[in-house]
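Shown next, in structure tokens, is the structure this report addresses.
The values are calculated or read from the model by the stated rules, or taken from the named source; none is laboratory data. Remember, predicted model here, so these are calculated numbers, not experimental data. Quick note on the areas: whole protein, heavy atoms, side chains included, nothing else; ligands and nucleic acids left out. Shrake-Rupley method; radii C 1.70, N 1.55, O 1.52, S 1.80 Å.
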Amino acid sequence: NDPDEMIRVDGLRKTYGDGHHAVDGVTWSARRGQVVGLLGPNGAGKTTTLRMAVGLIHPDAGETRILGRRVQPGDPVLSHVGALIEGPGFVPHLTGRANLHAYWAATGRPSSEAGFDEALDVAALGGALDRPVKSYSHGMKQRLGIAQAMLGRPELLILDEPTNGLDPPQIAALRPILQRYAATGRTVVVSSHLLAEVEQTCSHVVVMHAGKVLVAGAVSDLGVAGDRHLEEVFLE
Ligand code: ATP
């Protein structure tokens, strides 16, 4: 076992009822200190891959290991994972602050005031933090969801299209937050359909298209190895 390998998905496969291969044999890994971008156009299979990786849905084949342990629904290793995958489940009539408190208590992760304040900075909601979540815009909910996933500083942070609904300044603000997070020996996996976003934020990239991995590696190597593949996916 490699102690620096935070997550490895190996041969994941998911086929839906109509015979459509949403994810068709996907393998990648992410190590401590890395911000890994799962990059691909809509329908590439990013969300389905991430849902399988955290045990939200069962793969038809393949497995995920987190910190060397095979992921099963309810496995304690999942307490090391903070994830925002599809709409976060907030209690609409509770305030943003109350939602964060309730979520944190439910994770069982150790709580500290510093950790909570850090999440509040990420949410950047100001006075709106004390208003009911049902009054929030999509972007505000998205920021609260990212903050929620980071509560307790989990070793592995998985965010599915976190910049959805954010405006350009908010997207720019998220970038160093994720980079600093990984720089403390943690791991961030983030999906996106925007090449530029991944280039600016991530240290590594896994390019997906039609349920398969086309190319994976360090972002700094992409220009050499990935050009042709990236053109295929993004200029089609
Ligand atoms: P997006 O950014 O649009 O979410 P994605 O890369 O995350 O794209 P997925 O959401 O994983 O892609 O979807 C991959 C494929 O699987 C798509 O063709 C989608 O229509 C299909 N799919 C996803 N979920 C289901 C489902 N529950 N039933 C049937 N087909 C599904």
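General remarks:
- 3J(HN,Hα) along segment 57-64: 9, 7, x, 6, 7, x, 8, 10 Hz, from the Karplus curve 6.51 cos²θ - 1.76 cosθ + 1.60 with θ = phi - 60°, whole Hz, x for Gly and Pro.
- Take every pair of alpha-carbon atoms less than 8 Å apart whose residues are at least six positions apart; their mean separation over the length of the chain yields a relative contact order of 28 percent.
- Carbon/sulfur fraction of accessible area - the chain, other protein chains in place, 1.4 Å, %: 52
- Phi angles of segment 67-82 translate, via the Karplus equation with coefficients 6.51, -1.76, 1.60 and θ = phi - 60°, into HN-Hα couplings of 6, x, 9, 5, 6, 10, x, x, 5, x, 4, 5, 5, 8, 10, x Hz per residue; Gly and Pro are given as x.
- Accessible surface, segment 169-214, averaged per residue in Å² (probe 1.4 Å): 41
- Distant-in-sequence amide contacts of Leu38, defined by a placed amide H-H separation under 5 Å and a gap of 5 or more residues or a different chain, comprise Val190, Ser191, Ser192, Val206.
- Working note: 222 nm ellipticity from helices only, DSSP H runs with n ≥ 4, each -39,500 (n - 2.57), summed and divided by the residues of the chain, gives -10000 deg cm²/dmol to the nearest 500.
- Taking every protein chain into account, the accessible area of segment 41-149 amounts to 47 square angstrom per residue (probe 1.4 Å).
- Taking amide H as placed 1.01 Å from N in the peptide plane, the amide H of Met6 sits under 5 Å from that of Ala30, Arg31, Arg32, each at least 5 places away or on another chain.
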